[in-house]
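This report concerns only the one structure given below.
The values are calculated or read from the model by the stated rules, or taken from the named source; none is laboratory data. Every value quoted in this text rests on a predicted model; they were computed, and no experiment measured them. Virtual Cβ from ideal backbone geometry, glycine too; neighbours counted across all protein chains shown.
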Amino acid sequence: MRAAVLQLNAQGMSSIKLYNHIRIASKNGVKVLLLGEYILNPFFKELENLSIVMIKEQAEHQIKVLKELAVNYNMTIIVPLAIVKKQKVYKTVAKFSPKSTSYYQQQLLINYPHWNEEKFFANQAKPLQSPLTFKIGNFKFAIMSGFELHFDALWSFVSEKNIDCVLLPSVSTFDSYERWNTLIQSRAFTHNCFVLRANRIGEYQDEDFVWKFYGDSVLASPNGELLNHLGNKEELMIVDMDHREVAHARQSWGFNEMIQKRKSL
């Protein structure tokens, strides 16, 4: 399975860079393209100051563009978007495939005093459900928002559904890259799956300090190794993943098999 991460800063309504990189990805046989959070929407702290009308207009424009790109380039595009429904804003990850469009509403949102997405977005607090999953050929993907990486309960679905790769769009900042890489490698290893993370670049300036988004998009293997990673510049990372590597890691370590055996006792 050939996939790619497009590491960008916020693009707003412009689609020029998106078009250019997708053409390159398509020429290289990419089937799945992943973008980070707050690339096609302004950063969260900026969204707080925008009108519902403006947020809705941006989302509708981006959805139209992405549907066309998925069809024209025969590619599945995964991108976080702020979606407006009945005058409420929802934080979602959208999947645009050549034949359909699906949306995954983030289930667990940041709720810290300096960054309270849970308060701003209308996503409901309800019992956790499986992340959005889909297949291309015999390769199974799951989509999980960056903050959700931290929660064991969501990862139980990954093991239950035998996911080959978790797609992880994020918007990490504050020099947290070592912690994130350690956690990504740990999740990839203990669940014996690939984890492909897309983190945005650029910065946001508020009254107190600069929020620097450092990139460092990565691919971790089912054995917990970092196979590919980017720096802090705009870049397209093309990766190859093999279902056989997932199957071999699961057979070698047997983590899920041990759990399934005890469920039947």
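Descriptive notes on the structure:
- Strands (runs of 3 or more DSSP E) within the stretch 186-261 that include 1 or more residues crowded, with 16+ Cβ neighbours inside 10 Å and among the small types (Gly, Ala, Ser): 194-199, 201-205, 218-220
- Which numbered condition residue 45 misses (of (1) touching a residue at least 60 places away in the same chain (Cβ under 8 Å); (2) in contact with a helix residue (DSSP H, G or I) (Cβ under 7 Å, 6 or more places away or on another chain); (3) under 14 Å from residue 171 (Cα atoms)): (2)
- Qualifying residue in the stretch 1-15 (condition: in a strand (DSSP E or B) and surrounded by fewer than 18 Cβ atoms within 10 Å (Cβ to Cβ)): yes
- Among the residues of the stretch 98-135, those identified as of a type in the set (A, V, I, L, M, F, W, C), out of contact with any Ser or Thr (no Cβ under 7 Å at 6 or more places or on another chain) and within 25 Å of residue 195 (Cβ to Cβ) are 108, 109, 110, 115, 121, 128, 134.
- Total residues in the stretch 23-58 satisfying the condition of being crowded, with 19+ Cβ neighbours inside 10 Å and over 23 Å from residue 144 (Cβ atoms): the figure is 1.
- Only one of 246, 210, 239 that is within 20 Å of residue 35 (Cβ to Cβ) and either modelled with pLDDT of 95 or more or touching a strand residue (DSSP E or B) at 6+ places or on another chain (Cβ under 7 Å) (or both): 239
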